[in-house]
Amino acid sequence: MRLSIISLLFFTLLSSGTEDLKIELDQKLESLMPKVIEWRHDIHQYPELANREFRTSKKVADHLESLGLEVETGIAYTGVVALIKGGKPGPTVALRADMDALPVEEKTGLPFASKVRTQYLGNDVGVMHACGHDAHVSILMGVAEFLAENKFKLAGDVLLIFQPAEEGPPEGEGGGAKMMLEEGLFERYKPEVIFGLHVTNIPNGYIAIKPGPALAAASAYRITIKGVQTHGSTPWAGIDPIMATAQLIQSLNTVVSRRINIINNPAVVSVGMVEAGTRNNIIPEDSMLMGTIRTFDPELRKEIYNEIRQIAEGVAQGTGTEIAVEFDVGGFYPVTVNDKPLLSKLKNSLVEASGGKFLELEAPATGAEDFSYFSQEIPGVYFWLGVNKPGVGLNSTNFGDRSGAAGNHSPYFYVDDGALDEGVKGLTYLVLDYLGS
Ligand SMILES: [Zn+2]
Ligand SMILES: [Zn+2]
């Protein structure tokens, strides 16, 4: 009896401690958010591609060191992690932000727009935080600052993971979450659960979740076609790989619409890249195309791979070309799953953090996430944060009904600074409620 009164008292104290910390965070946001916004603008202006996040990871490591944390750098090339040791015993919670940008030429016209250019797959390209990872990094830097300052009140530890190459490493390099795990990240820190977020074009300050499978598995495929080169005026003297490529593109677009059953499990097959030729009157020797496959079911994925192989064989026979097909080029992304029991336990944290601007989605999105490698190992919660300009797209409440605001990977992708505090609150509340419960 005595014991249970004491433990009751203990839990009351603990949970009121959690509520106090939430109030403290609200007060802290006034001085914290201008810093978060400044960090984001700086990171946005100097974006770096996957496995090349040198400046970004230095900025992160400097900040974490300034908070008095022990920082590990150089994980999976440029990854940075630090552990916030709580003042009381408890489990370890991991928080993850991704740091890489994309080969996209920015067209937002913002004063801090990126002017960075680099070489990508042999081409001169612009570099832009077109997926909003600049927001993720600066949000987590802000969360780190608040939690580090209040670490003595935490009943457990917080592992901060700043990961490289979420968009996929350059071919042949390896990288991202998978490589961090291969380097023993979870064995060293043993986190019990992991939380992450992604900014996207839904209404400002909204938090959206999808219980269970939330994002698709993704595999890049590459098809190389070898013909026989000839002058454009005498096509009969060679074998035209461009014509074979055209047939392939047509047939690839029938995989989902005509060749597999998608009644229970959606799937996508897209062609995103076609390369052939150098001049109007030369039929080249080779051509190449690449695309992405999105699925939620491993069996259906195998079926799609088989269909694509069959199509390639058929076109090769019909045209006399040699065709080679590769899957999982540059790696593979598993399905990103929100752990249902964990999410139902913590859903209210996100409702509260967003001030009720909360959406629970029924359909998964066909995007993909490297976060899936982490949440395959331990239960995870992954939520979307709406960063539209205020007032934009207020009627769009799911991913199929977007607002007209540019989406992730667009050269016009826009992140509203005013929504970032919901991100800081979302991640912090998840930590406080998990460790406090
Ligand atoms: Zn992203
Ligand atoms: Zn992306």
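What to note about this one:
- Distance from the alpha carbon centroid of the stretch 157-174 to that of the stretch 300-336 works out to 27 angstrom.
- Given R0 = 25 Å, the distance between the Cβ atoms of residue 58 and residue 412 translates into a calculated FRET efficiency of 0.30.
- In plain terms, the chain is cut at each of the chymotrypsin sites (Phe, Trp or Tyr not before Pro) found in a DSSP loop with at most 16 other Cβ atoms within 10 Å, and the longest leftover piece is 113-326.
- Projected label distance in nm at residue 38 and residue 66, using a 7 Å step from Cα toward the beta-carbon: 0.8
- Whole-Å semi-axes of the chain's equivalent ellipsoid (Cα gyration tensor): 44, 23, 20
- Taking 7 Å steps out from each Cα toward its Cβ at residue 117 and residue 352 produces label points 5.1 nm apart.
- Residue 309/residue 376 FRET efficiency (R0 25 Å; Cβ-Cβ; nearest 0.05): 0.40
- Helical contribution to [θ] at 222 nm, DSSP H n ≥ 4, -39,500 (n - 2.57), averaged over the chain, rounded to 500: -12000 deg cm²/dmol
- Taking Cβ atoms as reference points and 13 Å as the exclusive limit, the residues near residue 40 contribute a net charge of -4, counting Lys and Arg as +1 and Asp and Glu as -1.
- Extension reserve of the residue 322-residue 285 stretch, reckoned as 0.36 nm per residue once the Cα distance is removed: 12.3 nm
- Only the Cβ atoms of Lys and Arg (+1) and of Asp and Glu (-1) were treated as charged; on that basis the dipole of the stretch 217-326 about its Cα centre amounts to roughly 200 debye.
- Here the chain carries DSSP beta bridges of which approximately 65% are antiparallel, counting only pairs with both residues inside.
- Of all lysines in the structure, the ones whose alpha carbon falls short of 18 Å from that of residue 115, not counting any fewer than 8 places away in one chain, are 107.
- Rounded to whole Hz, the Karplus (6.51, -1.76, 1.60) HN-Hα couplings of the stretch 227-236, x for glycine and proline: x, 10, 5, 7, 5, x, 7, 10, x, 5
- Each semi-axis of the equivalent ellipsoid for the stretch 217-326 is √(5λ) with λ an eigenvalue of the Cα gyration tensor; in descending order they amount to 30, 12, 10 Å.
- At q = 0.11, 0.24 Å⁻¹ the log10 of I(q)/I(0) for the stretch 168-254 amounts to -0.69, -1.23, computed by Debye summation with a single uniform scatterer per C-alpha, solvent ignored.
- Cross-link partners of residue 210 among lysines (Cα-Cα below 17 Å; sequence separation of 8 or more within a chain): 340, 345, 347, 357
- For the stretch 202-220 versus the stretch 229-296, the gap between their alpha-carbon centres in whole angstrom: 30
Computed from the coordinates by the stated procedures, all read-outs in this text should not be read as laboratory data. These numbers come from a predicted model, not from an experiment. Here Cβ is always computed from backbone atoms with ideal geometry, including for glycine, and neighbour counts include all displayed protein chains.
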